[in-house]
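Just below is one structure, and these are the notes that go with it.
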Amino acid sequence: MRRVGWIAGAAATALVAAGAITYAVADGDGDGSGTRTPAADSADAGFARDMAVHHQQAVEMSYIVRDRTKDVEVRRLAYDIAQTQANQRGMLLGWLDLWELPKVSPDPPMTWMGMGDMASGKDGSLMPGMATNTEMKRLGTLEGKQAEVFYLQLMTDHHKGGIHMAEGCVAKCSVGVEKRLAQGMVDAQQSEIALMADMLKARGA
């Protein structure tokens, strides 16, 4: 329980910092080095588009499980993930607006990472780690401990895929504040994966 509270506090701190990040990009000099507005096919734009989609599913998944269990620990974690990723998604889409770049691309997801052929998009799983439509529907039919375990399993895979993408931005993006946000995602989601492993173990899964 205390560990979930610590992550919640860290998430709140990250969101305060996020406001400064958004302002810095809006101010026209994202990392203080005179970086120009990214191109539509850049890693910066690609990451913003793809991670916005990836985050949206995590938000949906978290709100589903919140209504399928009364477990305080799982509900708190789901709320923290939903709030953090919804705010980050807003930042990513806001940057695309500031850069006057499209929010969708004709290229497959993860093309900016050189991995456009990695996910088939079959059954709604557009990128590695994303749940399928079938899995999302199943989550909505479960209750109590079964819902908790399935959510924690799905979110663990989701985070692993998100970390892979965020590490790609750290390596390839050119806007400093976006790279720092991506590194923050890596750090936070690695902590949450460790927490979810403990929660799964406690539930015998």
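The values are calculated or read from the model by the stated rules, or taken from the named source; none is laboratory data. Worth saying up front: this structure is predicted, and the values here are computed from it rather than measured. Counting neighbours? That spans all protein chains shown, and the Cβs are built from the backbone with ideal geometry, glycine included. Calculation scope for accessible area: heavy atoms of the full protein, side chains included, ligands and nucleic acids excluded. Shrake-Rupley method; radii C 1.70, N 1.55, O 1.52, S 1.80 Å.
Table for the structure above
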| item | result |
| --- | --- |
| Meets criteria (touching a Ser or Thr at 6+ places or on another chain (Cβ under 6 Å), open to solvent by less than 20 Å² (accessible area, probe 1.4 Å) and among the hydrophobic types (A, V, I, L, M, F, W, C)) for V186 | no |
| Breaking point among (1) within 24 Å of S62 (Cα to Cα); (2) at pLDDT below 95; (3) charged (D, E, K, R); (4) assigned to a loop (DSSP other than H, G, I, E, B), for K103 | (2) |
| A171 surrounded by fewer than 22 Cβ atoms within 10 Å (Cβ to Cβ), without any contact (Cβ under 8 Å) to a residue 12 or more places away in the chain and within 28 Å of V72 (Cβ to Cβ) | no |
| Matching residues in segment 182-203 - criterion: being of a type outside the set (A, V, I, L, M) and part of a helix (DSSP H, G or I) | Q183, G184, D187, Q189, Q190, S191, E192, D198, K201 |
| Cβ-Cβ under 6 Å pairs, at least 6 apart or on other chains, segment 142-158 side open to solvent by less than 20 Å² (accessible area, probe 1.4 Å), far side modelled with pLDDT under 95 | H158/G129 |
| The one condition in (1) on the phi < 0 side of the Ramachandran plot; (2) exposed (fewer than 15 other Cβ atoms within 10 Å of the Cβ) that E100 fails to fulfil | (1) |
| Search result, residues across segment 67-79 that are surrounded by fewer than 19 Cβ atoms within 10 Å (Cβ to Cβ) and either among the acidic types (D, E) or in a helix (DSSP H, G or I) (or both) | D67, D71, V72, E73, R75, R76, Y79 |
| Residues of segment 124-141 classified as surrounded by 19 or more Cβ atoms within 10 Å (Cβ to Cβ) and free of Cβ contacts under 8 Å to residues at least 24 places away in the same chain, total | 1 |
| Test: residue in segment 157-180 that is modelled with pLDDT of 95 or more, in a helix (DSSP H, G or I) and over 25 Å from G94 (Cβ atoms) | yes |
| Of the criteria (1) among the hydrophobic types (A, V, I, L, M, F, W, C); (2) open to solvent by less than 60 Å² (accessible area, probe 1.4 Å); (3) at pLDDT below 95, which one L93 fails | (3) |
| Boolean, A194 is free of Cβ contacts under 8 Å to residues at least 12 places away in the same chain, loosely packed, with under 14 Cβ neighbours inside 10 Å and under 18 Å from the mean Cα position of the chain (by Cα) | yes |
